[in-house]
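Okay, structure first, notes after.
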Amino acid sequence: MATAVITGGTDGIGRALADTYLDRGHEVLIVGTSEGKGRAFVESAGRRGAGDRARFLQADLSLVAENRRVIDRIAEQYRAVDVLVLGARYHRSTRAETPDGFESNFALYYLSRYLLSHGLVGLLGRAERATVLNFGGSGLTGPVRWNDLQLRRNYPGTGALGHGAALCDLLGVHFTRAYADTPVHYVLNHPGVVSTSFAGEYDAFTAAHVDGLRTSGKPVSLAVAQILPYLDAPPARLTAVLEGRQLPTDTPAFDPAAAERLHTITEKLLADLPR
Ligand SMILES: NC(=O)c1ccc[n+]([C@@H]2O[C@H](COP(=O)([O-])OP(=O)(O)OC[C@H]3O[C@@H](n4cnc5c(N)ncnc54)[C@H](OP(=O)(O)O)[C@@H]3O)[C@@H](O)[C@H]2O)c1
């Protein structure tokens, strides 16, 4: 039986993808912080006769140790991972650091996805053809602040998500080059504006703006319909998608040298952390 692991699967696009893969007969593990939302997913699966295939793992993915625990738990529970969706995010209007000392978006939007992508590559490699979906910027959300990856100067608020997304684009580039000998495909998706929970803490001005996005954004069902064809049949080892349209990956945002540079920096940051 195929397995889908979905971070941010408790809400928004991630939750809709979790339901989709459940309907397709997959085993589905969702990861989030909310016990209540996780329970609601498992209970709703039970009502549809799929309770034995639905699992929730509570974890704060902004913490490095939590990502490592999640990887270990997945390795204990599943033989292979066919679909890995990296969708957890949490907006902050004011800069914050995690206990590991990383800027919160860097930690959750980028570093968690880095750890999970690399940490689960063995299980992904065991699937007949695995696909990773990372909600990156699809080349549209840079530039990368090379001299300020932790966004200490002029914290950009909403732009911090876009910065994390640009880092995810480079993660996708490095990942597909590093694991070219595996059957794993990597899809970077920018869904456009979608009416979801927009998880986060917002100042008054941004909150009003986000309320508008919740009203004007497209339905989650449309965002899922736009990405599913790329998950079912990725056209390339690395694919970038904007609202259902494939974008080129030979642009400067996907520069392999920049991807290698970010990989090296990230490995050093992780090596410097106390285990
Ligand atoms: N919606 C849009 O307009 C839009 C636009 C561009 C890109 N995107 C991207 O699409 C992806 C999905 O977005 P969405 O709008 O569907 O999400 P969303 O409704 O805002 O939900 C965010 C998810 O992240 C989880 N999460 C938050 N903090 C977490 C933490 N510390 N540890 C683990 N999980 C955590 C939440 O789970 P809990 O509540 O259980 O913690 C929730 O499931 C994201 O990467 C987002 O940046 C969305």
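A few remarks follow.
- Residue-wise HN-Hα coupling along the range 124-139, computed from phi with Karplus coefficients 6.51, -1.76, 1.60 (Hz; x: Gly, Pro): 5, x, 7, 6, 4, 8, 8, 10, 9, 10, 10, 7, x, x, 6, x
- Shape call, the range 3-271: gyration tensor on alpha carbons, a/c limit 1.5: rounded
- The string of couplings for the range 208-216 from the Karplus curve (6.51, -1.76, 1.60, θ = phi - 60°) is 5, 4, 5, 4, x, 5, 4, 7, 8 Hz, one whole number per residue in order, with x for Gly and Pro.
- Given charges at Cβ of Lys, Arg, Asp, Glu: the chain dipole, positive-most of A2, A96, I13: A2
- The magnitude of the dipole of the range 61-106, with charges of +1 and -1 set on the Cβ of Lys/Arg and Asp/Glu and taken from the Cα centre, is near 100 debye.
- Prolate/oblate/rounded call for the range 117-275, Cα gyration tensor, a/c under 1.5 rounded: oblate
- Based on protein heavy atoms only, the chain ends up with 43 Å² per residue of surface accessible to a 1.4 Å probe.
- Tensor-based shape of the range 50-209 (alpha-carbon gyration tensor, a/c under 1.5 rounded, otherwise prolate or oblate): prolate
- Antiparallel bridge percentage (DSSP; both residues within the chain; nearest 5): 10
- Debye, to nearest 20: dipole size of the chain, +1 on Lys, Arg Cβ, -1 on Asp, Glu Cβ: 160
- Simple label model, 7 Å out from Cα along Cβ direction - A225 to T33, nm: 3.3
The values are calculated or read from the model by the stated rules, or taken from the named source; none is laboratory data. Values in this document were obtained by computation on a predicted structure and should not be read as measured data. As a convention, Cβ positions derive from the backbone with ideal geometry for all residues, glycine included, and neighbour counts pool all protein chains shown. Quick note on the areas: whole protein, heavy atoms, side chains included, nothing else; ligands and nucleic acids left out. Shrake-Rupley method; radii C 1.70, N 1.55, O 1.52, S 1.80 Å.
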